[in-house]
Amino acid sequence: MKGHTNLSHFGQHSSAVVLSLVVAAIALVTTLVGDEAIATSVTEMLIRMTLVVGLYIFIGNSGITSFGHVAFSCLGAYAVGWATAEPMFKQIMLSGLPTFLQENQYPFWMAMIGSALLPAVVALLFGLAIMRLNGIAASIATFAFLIIVNSVFANWDSVTAGVSSIIGIPTVVGPWVATGGAILAVLVANLFQTSRFGIMLRACRDDEVAAKASGVRVVRVRLIAFVLSAAVAGVSGGLYAQFLGILAIDAFYLNLTFIALAMLVVGGVGSLTGAVSGVVVVTVIVEVLRFLERGFTLGSTSIALPPGSQEIGLGIIMALILIFRPGGIAGGRELFALTGRKRHSEKLLADASQTATATH
């Protein structure tokens, strides 16, 4: 059993390495092509990959669907905006900020640390209240959190500029910086899912009663995953702010929530491979539909899809994937997973029991 577990962990680490290499290869090809439009699309895809991997850390391992993680991305983006926007703009438009933020413009690395820390602290406080909930109750609570954050930021003019935009943010994020963020997210997610906390959390997901009987502290392991996933989602927001150079609250609400969840579901909620592949597949589909909406000429005939075809087409493709492959593209498996699915729950419970005993 011990050798079997080591092989399984080796397979999971190998998957993370290969996924990281694939992400780096995408950035390399983008650089070699040298097309600005493609570079912009790839950068946005990689930033969304960071967000979706953050979603996977919690949703994939706990089995609880969260509709509120875009709020953590929002917090990370505004943390970067407060740290890096022009001081003159902040003193005029964001007079409610503390002096150390109003009068200074901090470097990229300090802003990115803030983009992870602020969402993590908020997630810790919020998670203490909701991690005892299960199923739809927990999902609704996270959606309520998204609504609260959006409403507060849309009306707190002196701190967030309300429905106006924060401008003057340095645009330092391109394909390679976004690649670094995506690879970091993949490695963090992989380290968590192969850690004792990840094993215990998946045991809770598969059989909570048996996991509790094995000594797993369900609320604690859920909270750890929730805080870690919020930090990764916050990093995606920080990258997004420094990619566009402008920040508005409308960018972090229902549209981004839908597309991020769609990417995770299409790829497969149950694996890191699914999270990464879902982002790539959905991005390609959206770009193709966007191209068809703009239209093209074939001979003497102009062909273009009607406006709104992106959303309709994506919805149809999602439905087809879920009908014919309910587990998503990856089917809940990693690239080099060496264990079968037949006795997966039993193995997780055994591992969780061992790790819980070791912890105590």
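Only the coordinates and a few stated rules stand behind these numbers; no lab work does. Predicted model only: the values in this text are computed from it and were never measured. Methodologically, a virtual Cβ is constructed for each residue, glycine included, from the backbone with ideal geometry; neighbour enumeration extends over all protein chains shown.
With n ≥ 4 as the cut-off for DSSP H runs, can you work out [θ] at 222 nm for the chain, using -39500 (n - 2.57) per run divided by the number of residues, rounded to the nearest 500?
-25000 deg cm²/dmol
Quick check on the exposure proxy: order Met45, Met200, Met110, Met318 from fewest to most C-beta atoms within 10 angstrom.
With the sparsest Cβ surroundings first, the list reads Met110, Met318, Met45, Met200.
How would Phe72, Phe197, Phe58 line up from fewest to most surrounding beta-carbon atoms within 10 angstrom?
Phe197, Phe58, Phe72
Pick out, from Phe145, Val172, Gln310, the residue whose Cα sits farthest towards the positive end of the charge dipole of the chain, with +1 on the Cβ of Lys and Arg and -1 on the Cβ of Asp and Glu.
Of Phe145, Val172, Gln310, it is Phe145.
Enumerate the amide H contacts of Phe67 below 5 Å, restricted to partners 5 or more residues apart or on another chain; note that Pro and chain-start residues carry no placed amide H.
When sequence neighbours closer than 5 places are left aside, the close amide H contacts are Thr142, Phe143.
What do you get when you divide the Cα radius of gyration of the chain by 2.2 N^0.38 Å, with N the number of residues?
1.02
Got a sec? Charge dipole of the chain, +1 on Cβ for Lys and Arg, -1 for Asp and Glu; which of Tyr240, Ala211, Gly270 is way out at the positive end?
Ala211
So who's got an amide H within less than 5 Å of the one on Val216, skipping anything under 5 residues away but keeping other chains? H placed 1.01 Å off N, in plane.
HN-HN under 5 Å from Val216: empty list.
State, as an integer percentage, the relative contact order of the stretch 2-359 based on alpha-carbon contacts under 8 Å between residues 6 or more apart.
29 percent
Sorted by packing (mean other beta-carbon atoms within 10 Å per residue), highest first, where do 307-314, 276-283 land?
276-283, 307-314
Give me a comma-separated list of calculated 3J(HN,Hα) values for the stretch 211-219, in order, Karplus coefficients 6.51, -1.76, 1.60 applied at θ = phi - 60°, integers in Hz, x for any Gly or Pro.
For the stretch 211-219, the Karplus-derived couplings read 5, 4, 5, 7, x, 7, 8, 4, 4 Hz, x marking Gly and Pro.
What ³J(HN,Hα) values, in whole Hz, does the Karplus curve 6.51 cos²θ - 1.76 cosθ + 1.60 give for the stretch 262-273 when θ = phi - 60°, with x put for Gly and Pro?
My calculation for the stretch 262-273 gives 4, 4, 5, 5, 4, x, x, 5, x, 8, 5, 4 Hz in order.
What size of dipole, in debye to the nearest 20, comes out for the stretch 2-359 about its Cα centre when the only charges are +1 on Lys and Arg C-beta atoms and -1 on Asp and Glu C-beta atoms?
With only Lys, Arg, Asp and Glu charged at Cβ, the dipole is about 1340 debye.
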